[in-house]
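Heads up: the structure comes next, in structure tokens.
The values are calculated or read from the model by the stated rules, or taken from the named source; none is laboratory data. Small disclaimer: the values here were computed from a predicted structure and weren't measured. Here Cβ is always computed from backbone atoms with ideal geometry, including for glycine, and neighbour counts include all displayed protein chains.
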Amino acid sequence: MGFLVTTLIFSVVGIIASICSRICCNRGPSANLLHLTLVITATVCCWMMWAIVYIAQMKPLIVPILSEGE
Amino acid sequence: MERIEKFIDNLPSMDLMRSEKMTLVQLIIPVESAHRAISYLGELGLLQFRDLNSEKSPFQRTFVNQVKRCGEMSRKLRFFKDQISKAGLLSSVHPVVEPDLELEELEIQLAEHEHELIEMNANSEKLQQTYNELLEFKLVLQKACGFLLPSNNHAAAEERELRENVFSNNDYVETSSLLEQEMRPADQSGLRFISGIICKSKALRFERMLFRATRGNMLFNQAPADEEIMDPLTGEMVEKTVFVVHFSGEQARTKILKICEAFGAKCYPVPDDISKQRQITREVSSHLSDLETTLDTGIRHRNKALTSIGYHLTQWMSMVRREKAVYDTLNMLNFDVTKKCLVGEGWCPIFAKAQMQEALQRATFDSNSQLGIIFHVMDAVESPPTYFRTNHFTNAYQEIVDAYGVARYQEANPAVYTVITFPFLFAVMFGDWGHGICLLLGALVLIARESRLSTQKLGSFMEMLFGGRYVLLLMSLFSIYCGLIYNEFFSVPFHIFGDSAYKCRDATCSDAQTAGLIKFRDPYPFGVDPSWRGSRSELPFLNSLKMKMSILLGVAQMNLGIIFSYFNARFFCSSLDIRYQFVPQMIFLNSLFGYLSLLIIIKWCTGSQADLYHVMIYMFLSPTDDLGDNELFWGQRGLQIVLLLLALIAVPWMLFPKPFILKKLHSERFQGRTYGLLGTSEFDLDVEPDSARQHHEEFNFSEVFVHQMIHSIEFVLGAVSNTASYLRLWALSLAHSELSTVFYEKVLLLAWGYDSFIIRLIGLAVFAFATAFILLMMETLSAFLHALRLHWVEFQNKFYHGDGYKFKPFSFALITDEDD
């Protein structure tokens, strides 16, 4: 559940960022496409990083074993 | 499929994706407007001239004289600059910018200035020399008077002669004017003396030499001079010693004079009479002060001249540089048969054609020429240069890509994705949000001072750093993000996103050190759970996580690379490449490593205990065996066999068909052409004699086949090695994390444990230095380098050819400051 919600949050952030980049620097269709590509790539990279770390911790095979003195 | 292809074809073009469309143009310029036309084109800066006279040596070219004149003028300008810096003046720019001079006027002016300066310099040199000699004479007089007893042995006549000699030697004549004059030979006592001045460092050897030469029959008195004298050769002040040598005999005198000359000691005559001495001292002093004023006036006059030159110096230098560039370009053009026009060829981007025609029209108008300049498009055989229009931000990334190889004309530019993926991969290896904040501060400082730093001349390291300031900015932002994900702030985890998902099994936490905590709720919402830091099982968990993450990121980037090759094939309308290269490559990579990524994700989602190494290896060794414990999903065995077969088919699919089909296409295209090569060479000369057209119509099948084989083997083996190469993401991030932990725990915490303030301060200082130099500088460079390698090799070798050449237009703005 947390996974889907956060994925949705990432996509919403991505859409907002693309809209912002379209508003702030609107420089013709080819430049706009470039900016859109950059924003989407950044969003996808960030989401992948988060998703990998999240899924890896969903059903872990080992647990933290505290060391002495903690 | 059709719809997807149509959609892709109809997408608007993306800015940086492919290089600008270029065209080869030919210019026919009448001679009177040539210079002006080239200057205006230089200001526009969008045409790369082709050298049509490349076989000629520099001395055979048309405008060699003008180039020589420009070289001569720049030599003069360098001379002025030298003189200005030697005189210690600051060069400033005159607030009023004067109108541009013509080249001939400038030449005359420069010659005048140079002549004037050289004359002034020579005069002041002579004056300075005379001044030095007089100064030395004064010092000799001061000290030598102390040695000499007033003696009555000299007649009045001698004194008069001496005085006359002293006076007559004050003109600006040869340097050897003040050597010892003839002393009266009829000396009753026979004891004479020579007085002079010598460098302090040579005085001892001088004395010894004199002693030996005169066999000890001499008396040597010396005293250090009060002031330092300027050595004319080195321009430094040296200490001198005044000496007086008493001797007898003519032979001794000649010997002593010769030794003085050899040691560079200067001899000055000192009269015996005390009143004489005083008189001469007064005269010398007054002469000295006269000379000083003259010298000062001379220097001021020269400085004034230099300052007035200095006002215009930068303007003149840039003018001369531009003229030289214009003449160099004019040298690349050819005279046509009528010798009235110059013909030139060059590459220019298509969007600039209108601007260029307008500039050429202006040039025709300004030079009052009757004929217009002809500007028309030509066909080209060779490949055009590559030109990307970048701005401040994308320039650094384009340079990073170009450092490996300039893109082929109009092939897909990896810089588009490198803008984001390069800082991202850097951050995966650097992830620590404390260090990221430090990098961010550095990047912001560089960007805030952009306007100031861009005009200064920076050292090579600072220049690289400044050029990459936007790369650094993105790197730092992504590092902060990855640091939050890895949950490391100078290696310390924080509970920013809520409580940890792990807790003790019971209230006493008795088995926390043996069996560990348990997970009692959903995973930590963002990033690595803070409970892992410091636990004994931290490394096994993180290693497993980071290795699998590296594989997933790597497979994603390699797929992106292969998809780029699809876009390239589509753009160049090479369906052969799509069917026999793109498709088998995708199948091969994804049936093996895409499948591995899938297994990783399934294992994570289901929490199975399957051993993925085992699964992958036995997929090849014994694919039909029962999987047993390693079964992750139903039908896995069947799927594995299918994927293995697909991979096996993909290899010959990418190896064999393409060369054969190419051969068939070639023979279809040039069927029957082989008969036409005899005796029809005249028909080919409808083109200009200089532009080359090659008729390379041989198809070397073995060469093509070997090329395809190398390509396929490279891909197949590369699939394994490149995927493994992505594990450096894990390796470097582990190294960074461990270094960070060591510095934190073993330096800072250790020092903080003591009560003493000094030890804590030292600990803090060592921690700061270690963080700044090792983690921030060395690790940044290291992660930068490895991210660069991953892009250059693993990403780009899936689609990039990189064998183009860069567009270097003739532009005044790009003329570098060759400051010598």
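Considering only region A:27-40, state which residues are at the interface with chain B (Cβ under 7 Å from one of its Cβ atoms) and either buried (at least 18 other Cβ atoms within 10 Å of the Cβ) or of a type in the set (A, V, I, L, M) (or both). Talk me through it step by step, then tell me what you get.
Residues of region A:27-40 at the interface with chain B (Cβ under 7 Å from one of its Cβ atoms): A:29-31, A:33-34, A:37-38.
Answer for region A:27-40, where residues must be at the interface with chain B (Cβ under 7 Å from one of its Cβ atoms) and either buried (at least 18 other Cβ atoms within 10 Å of the Cβ) or of a type in the set (A, V, I, L, M) (or both): A:Ala31, A:Leu33, A:Leu34, A:Thr37, A:Leu38.
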## Note on the structure
Filtering region B:609-645 down to residues that are touching a Phe, Trp or Tyr at 6+ places or on another chain (Cβ under 9 Å) and in a loop (DSSP other than H, G, I, E, B) yields B:Asp625, B:Leu627
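Against the condition more than 10 Å from chain A (Cβ to nearest Cβ) and closer than 25 Å to B:Asp15 by Cα, how does B:Ile420 come out, does it pass? Steps first, answer last, please.
Working: more than 10 Å from chain A (Cβ to nearest Cβ): no; closer than 25 Å to B:Asp15 by Cα: yes.
Answer is no for this residue.
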### Query
What is the residue count in region B:741-770 for residues that are touching a helix residue (DSSP H, G or I) at 6+ places or on another chain (Cβ under 6 Å) and under 28 Å from B:Met549 (Cα atoms)?
1
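Name the residues in region B:527-537 that are more than 7 Å from chain A (Cβ to nearest Cβ) and surrounded by fewer than 20 Cβ atoms within 10 Å (Cβ to Cβ), would you? Give the derivation first.
Kept after step one, since they are more than 7 Å from chain A (Cβ to nearest Cβ), are these residues of region B:527-537: B:530, B:533.
Listed by number, the list holds a single entry, B:Arg533.
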### Query
Going through region B:608-624 one residue at a time, which ones are surrounded by 11 or more Cβ atoms within 10 Å (Cβ to Cβ) and of a type outside the set (Gly, Ala, Ser)?
B:Asp611, B:Leu612, B:His614, B:Val615, B:Met616, B:Ile617, B:Tyr618, B:Met619, B:Phe620, B:Pro623
### Task
Could you list, in sequence order, all residues of region B:414-443 that are among the aliphatic types (A, V, I, L, M) and within 10 Å of B:Ser476 (Cα to Cα)?
B:Ala427, B:Ile437, B:Leu439, B:Leu440, B:Leu441, B:Ala443
### Among (1) buried (at least 18 other Cβ atoms within 10 Å of the Cβ); (2) assigned to a loop (DSSP other than H, G, I, E, B), the one test that B:Gly372 misses
(1)
### Task
Confirm whether B:Thr364 is surrounded by 17 or more Cβ atoms within 10 Å (Cβ to Cβ), of a type in the set (Val, Ile, Thr) and more than 29 Å from the chain's Cα centre (by Cα).
yes
### Query
What number goes with the only condition from (1) surrounded by 15 or more Cβ atoms within 10 Å (Cβ to Cβ); (2) farther than 30 Å from B:Leu210 by Cα; (3) not hydrophobic (A, V, I, L, M, F, W, C) that B:Gln277 does not pass?
(2)
### Message
For region B:63-89: of the residues being of a type in the set (Gly, Ala, Ser), surrounded by fewer than 19 Cβ atoms within 10 Å (Cβ to Cβ) and in a helix (DSSP H, G or I), which is modelled with the lowest pLDDT?
### Response
B:Ser85
### Message
The conditions are (1) modelled with pLDDT of 95 or more; (2) within 7 Å of chain B (Cβ to nearest Cβ), and A:Val12 fails exactly one of them. Which is it?
### Response
(2)
### Summary
The one condition B:Glu668 fails out of (1) more than 14 Å from every other protein chain (Cβ to nearest Cβ); (2) over 30 Å from B:Ile710 (Cα atoms); (3) among the acidic types (Asp, Glu) is (2)
### Task
From B:Gly468, B:Gly459, grab the single residue that is buried (at least 17 other Cβ atoms within 10 Å of the Cβ), more than 14 Å from chain A (Cβ to nearest Cβ) and within 18 Å of the chain's Cα centre (by Cα).
B:Gly468
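Considering each residue of region B:259-282, count those that are in a helix (DSSP H, G or I), within 17 Å of B:Leu219 (Cα to Cα) and of a type outside the set (A, V, I, L, M, F, W, C), and give that number. Full working, then the answer.
Step one: of region B:259-282, the residues in a helix (DSSP H, G or I) are B:259-263, B:274-282.
Okay, now just the ones that are also within 17 Å of B:Leu219 (Cα to Cα), so B:259-260.
Applying the additional criterion that residues be of a type outside the set (A, V, I, L, M, F, W, C) yields none.
The qualifying residues number 0.
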#### Entry: Only one of B:Ala359, B:Ala352, B:Ala403 that is crowded, with 21+ Cβ neighbours inside 10 Å and either out of contact with any Ser or Thr (no Cβ under 9 Å at 6 or more places or on another chain) or free of Cβ contacts under 8 Å to residues at least 24 places away in the same chain (or both)
B:Ala359
### Task
Please specify each residue of region B:15-58 satisfying the condition of being touching a Pro at 6+ places or on another chain (Cβ under 9 Å) and within 14 Å of chain A (Cβ to nearest Cβ).
B:Ser19, B:Glu20, B:Lys21
### Task
Would you mind stating whether B:Ile551 is without any contact (Cβ under 8 Å) to a residue 24 or more places away in the chain and within 39 Å of the chain's Cα centre (by Cα)?
no
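Suppose we keep only residues that are within 30 Å of B:Gln142 (Cα to Cα) and without any contact (Cβ under 8 Å) to a residue 60 or more places away in the chain within region B:292-309. Which one would you say is surrounded by the most Cβ atoms within 10 Å (Cβ to Cβ)?
Filtering region B:292-309 for residues within 30 Å of B:Gln142 (Cα to Cα) gives B:292-299.
Pick out the ones that are also without any contact (Cβ under 8 Å) to a residue 60 or more places away in the chain and you get B:293, B:296-297.
Details: B:Thr293: 10, B:Asp296: 10, B:Thr297: 12.
Ranking the candidates gives B:Thr297 first.
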### Query
Is at least one residue of region B:271-278 at pLDDT 80 or above and among the hydrophobic types (A, V, I, L, M, F, W, C)?
no
### Task
Test B:Ser479 against the criterion of being touching a helix residue (DSSP H, G or I) at 6+ places or on another chain (Cβ under 8 Å), among the hydroxyl-bearing types (Ser, Thr, Tyr) and under 30 Å from B:Leu542 (Cα atoms), and give yes or no.
yes
### Query
Are any residues in region B:544-573 polar (S, T, N, Q), within 11 Å of another protein chain (Cβ to nearest Cβ) and surrounded by fewer than 19 Cβ atoms within 10 Å (Cβ to Cβ), and if so, which ones?
B:Ser544
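Here are B:Ser275, B:Ser289, B:Ser195, B:Ser285: which of them is under 28 Å from B:Gln128 (Cα atoms) and without any contact (Cβ under 8 Å) to a residue 12 or more places away in the chain? Lay out the reasoning, then the answer.
Details: B:Ser275 fails: under 28 Å from B:Gln128 (Cα atoms); B:Ser195 fails: without any contact (Cβ under 8 Å) to a residue 12 or more places away in the chain; B:Ser285 fails: without any contact (Cβ under 8 Å) to a residue 12 or more places away in the chain.
Matching residue, one of B:Ser275, B:Ser289, B:Ser195, B:Ser285: B:Ser289.
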### Query
Of the numbered conditions (1) at pLDDT 85 or above; (2) more than 7 Å from chain A (Cβ to nearest Cβ); (3) surrounded by 19 or more Cβ atoms within 10 Å (Cβ to Cβ), B:Leu444 satisfies every one except a single condition; which is it?
(3)
### Message
Being more than 9 Å from chain B (Cβ to nearest Cβ), within 18 Å of the chain's Cα centre (by Cα) and assigned to a helix (DSSP H, G or I) is the requirement here; does A:Thr7 meet it?
### Response
yes
### Task
Six or more apart or on different chains, Cβ under 7 Å: which pairs go from a residue in region B:646-669 that's part of a helix (DSSP H, G or I) to one that's at pLDDT below 90? Could you list them?
B:Lys658/B:Leu576; B:Pro659/B:Phe701; B:Ile661/B:Leu576; B:Lys663/B:Phe699; B:Lys663/B:Phe701; B:His666/B:Phe699
### Query
Could you count how many residues in region A:41-70 are facing chain B (nearest Cβ under 7 Å), surrounded by fewer than 16 Cβ atoms within 10 Å (Cβ to Cβ), more than 22 Å from the chain's Cα centre (by Cα) and not β-branched (Val, Ile, Thr)?
4
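Tally up the residues in region B:497-526 that are touching a residue at least 24 places away in the same chain (Cβ under 8 Å) and either more than 10 Å from chain A (Cβ to nearest Cβ) or touching a Lys or Arg at 6+ places or on another chain (Cβ under 9 Å) (or both), please.
Going residue by residue through region B:497-526, those that are touching a residue at least 24 places away in the same chain (Cβ under 8 Å) are B:497-498, B:500-502, B:524-526.
Filter again for either more than 10 Å from chain A (Cβ to nearest Cβ) or touching a Lys or Arg at 6+ places or on another chain (Cβ under 9 Å) (or both), leaving B:497-498, B:501-502.
Final tally of qualifying residues: 4.
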### Task
Looking only at region B:747-755, decide whether some residue is touching a residue at least 12 places away in the same chain (Cβ under 8 Å) and under 30 Å from B:Asn797 (Cα atoms).
no
